[in-house]
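A short worksheet on the structure shown next.
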Amino acid sequence: MSRTITKSILIQGGRIIDPASRTDVKGDVLITGGRIAVRGGSITPPDDCPVISADGLVICPGFIDVHCHLRQPGFEEKETIATGTRAAARGGFTTVCCMPNTNPPLDTEETIALVKTIALKEGVVRVLPVACVTRGRKGAELADLDKLAKAGAVAFSDDGSPVATTPLMQKALEYSKISGLPVSDHCEDTALTTGGQMNDSELSKRLGLKGMPAVAEDIIVSRDLLLAHLTGGHAHIAHVSTASAVELIRRAKEKGTKVTAEVTPHHLTLTEDWVTGYNTQAKVNPPLRTQADVEALVAALKAGVIEIIATDHAPHTEAEKKLDFTQAPTGFSGFETSLGSLMMLVHSGTVPLPAIIAALTVAPARLINRTELGSLQVGAPADVTIFDPNKEWTVDPRDFASKGKNTPLAGKTLKGKIIATIYGGRIIYQE
Ligand code: DOR
Ligand code: ZN
């Protein structure tokens, strides 16, 4: 990891993909004073300007992750803002929105301020906190959403759990209508999933593991869509995993409901079969589902029914993931394998590369009302990701900057690798 501070950087001869401006051309990008100065064409480097050769590489806006877990404060053995943001940089992310299921949870102005302060001191990318919907994430009373918004929260979520009750979700969406901030919901009817370990299926029966049925997700998605329609607030459906939820979202959008949705790289590429052998590295919530679900999610991404890809980076310790399957925590360390995983969809000819990049840049920027981010337009902050779409590499979690070595992809070869990440005109990662 190098951290070069320079006035100008010239990125030369890459494929510039900037979905915000529908750009896909070969050319150069010049960064000056932390902003995009010139984009496209052939640029003569100013004197003493460092040059990054991007021959055969893609140049695109820095990725924005609207859903990750940085674990600080409270769970520093799993991750810190320092390690998590370095992992983000290695994954091509320049902006990350961290979920509030910390200890204490991010449900006060003070905790939001704490995360922002640590991020400025110790982080290497932009960290935008998501605040709790309910006090303590306990699902009993609403947090002070207005204060949290003024303190800098970009969205609200009780992630890890759904917003517990219908009236609380209704009130949160009423506030969303006023503030313009989305309510991101982890959709799971917990009355149907208590003790659940994996997708509810033939396989869960064979393995003797309690299943988490698709309908548990769909019920809360339905509730949220109805309430968003009623209130005019913005419901954001986190980590959609079922074909049936996709269909509900599609229909709600047709009716004009204010809803957006995100999908993870793992739900787009892996099925429940990865759990076979009681592999705790494949234990995640929502669980990996069936091939039919994966296909519906990919189709929804292509069609724009799901507009955002989010990692749900959820680091855990090695000791925790070594527990018995029923005791091990859910989640994958996602930042550093995201691009390589997503490129499978591109290399198989299933999803065009610009669609993947749009879901990692312009679409998440819109969700968090930060449209100056997620684009390479001249004058925009110079958050730039450069990657080799064809470079093969083998996942070795020991190389992760994240403390979380928990990934089902260890030992797998991926095709597509981040070469450099630039944040505000500084190189924060270079291979
Ligand atoms: O797998 C998950 N891990 N899903 C969640 O919703 C929470 C997350 C975590 O915090 O570990
Ligand atoms: Zn979640």
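The values are calculated or read from the model by the stated rules, or taken from the named source; none is laboratory data. In this text, all values refer to a predicted model and were calculated from it rather than measured experimentally. Methodologically, a virtual Cβ is constructed for each residue, glycine included, from the backbone with ideal geometry; neighbour enumeration extends over all protein chains shown. Remember, those area values only see protein heavy atoms, side chains included, never the ligands or the DNA or RNA. Shrake-Rupley method; radii C 1.70, N 1.55, O 1.52, S 1.80 Å.
List of remarks:
- If you filter the stretch 329-342 down to residues that are buried (at least 20 other Cβ atoms within 10 Å of the Cβ) and not polar (S, T, N, Q), you find that the one that is nearest to ligand 1 (Cβ to nearest atom) is G331.
- Residue match in the stretch 253-264 (condition: open to solvent by 10 Å² or more (accessible area, probe 1.4 Å), part of a helix (DSSP H, G or I) and within 18 Å of D312 (Cβ to Cβ)): no
- Total residues in the stretch 311-331 satisfying the condition of being within 14 Å of ligand 2 (Cβ to nearest atom) and of a type in the set (S, T, N, Q): the figure is 2.
- Some residue of the stretch 71-88 being among the acidic types (D, E) and surrounded by fewer than 24 Cβ atoms within 10 Å (Cβ to Cβ): yes
- Filtered residues of the stretch 7-31 (kept if over 28 Å from the mean Cα position of the chain (by Cα) and open to solvent by 40 Å² or more (accessible area, probe 1.4 Å)): K7, Q12
- Subset tally (residues that are touching a Gly at 6+ places or on another chain (Cβ under 8 Å), more than 16 Å from ligand 2 (Cβ to nearest atom) and either outside any helix (DSSP H, G or I) or farther than 18 Å from G233 by Cα (or both)) for the stretch 134-173: 1
- Of the residues G74, G91, G56, the single one that is under 20 Å from the mean Cα position of the chain (by Cα) and either without any contact (Cβ under 8 Å) to a residue 40 or more places away in the chain or farther than 30 Å from P167 by Cα (or both) is G91.
- Set L288, L345: member being in a helix (DSSP H, G or I), in contact (Cβ under 8 Å) with a residue 60 or more places away in the chain and either within 16 Å of ligand 1 (Cβ to nearest atom) or open to solvent by 10 Å² or more (accessible area, probe 1.4 Å) (or both): L345
- If you filter the stretch 126-137 down to residues that are within 16 Å of ligand 1 (Cβ to nearest atom) and more than 17 Å from the chain's Cα centre (by Cα), you find that the one that is surrounded by the fewest Cβ atoms within 10 Å (Cβ to Cβ) is G136.
- All of E202, E217 fail the test of being surrounded by fewer than 23 Cβ atoms within 10 Å (Cβ to Cβ) and among the acidic types (D, E), apart from E202.
- Of all residues in the stretch 183-211, those satisfying the criterion of being among the small types (G, A, S) and under 17 Å from T326 (Cα atoms) are G195, G196, S201, S204, G208, G211.
- For the stretch 145-172, the set of residues classified as over 22 Å from the mean Cα position of the chain (by Cα) and surrounded by fewer than 17 Cβ atoms within 10 Å (Cβ to Cβ) consists of D146, K147, K150, A164, T165, T166, P167, listed by residue number.
- Residue under evaluation K255, criteria (1) more than 16 Å from ligand 2 (Cβ to nearest atom); (2) basic (K, R); (3) touching a Lys or Arg at 6+ places or on another chain (Cβ under 9 Å), criterion not met: (3)
- Flag if S241 is out of contact with any strand residue (DSSP E or B) (no Cβ under 7 Å at 6 or more places or on another chain), part of a loop (DSSP other than H, G, I, E, B) and of a type in the set (S, T, N, Q): yes
- Scanning the stretch 265-285 for residues that are without any contact (Cβ under 8 Å) to a residue 60 or more places away in the chain and buried (at least 24 other Cβ atoms within 10 Å of the Cβ) gives H267, V284.
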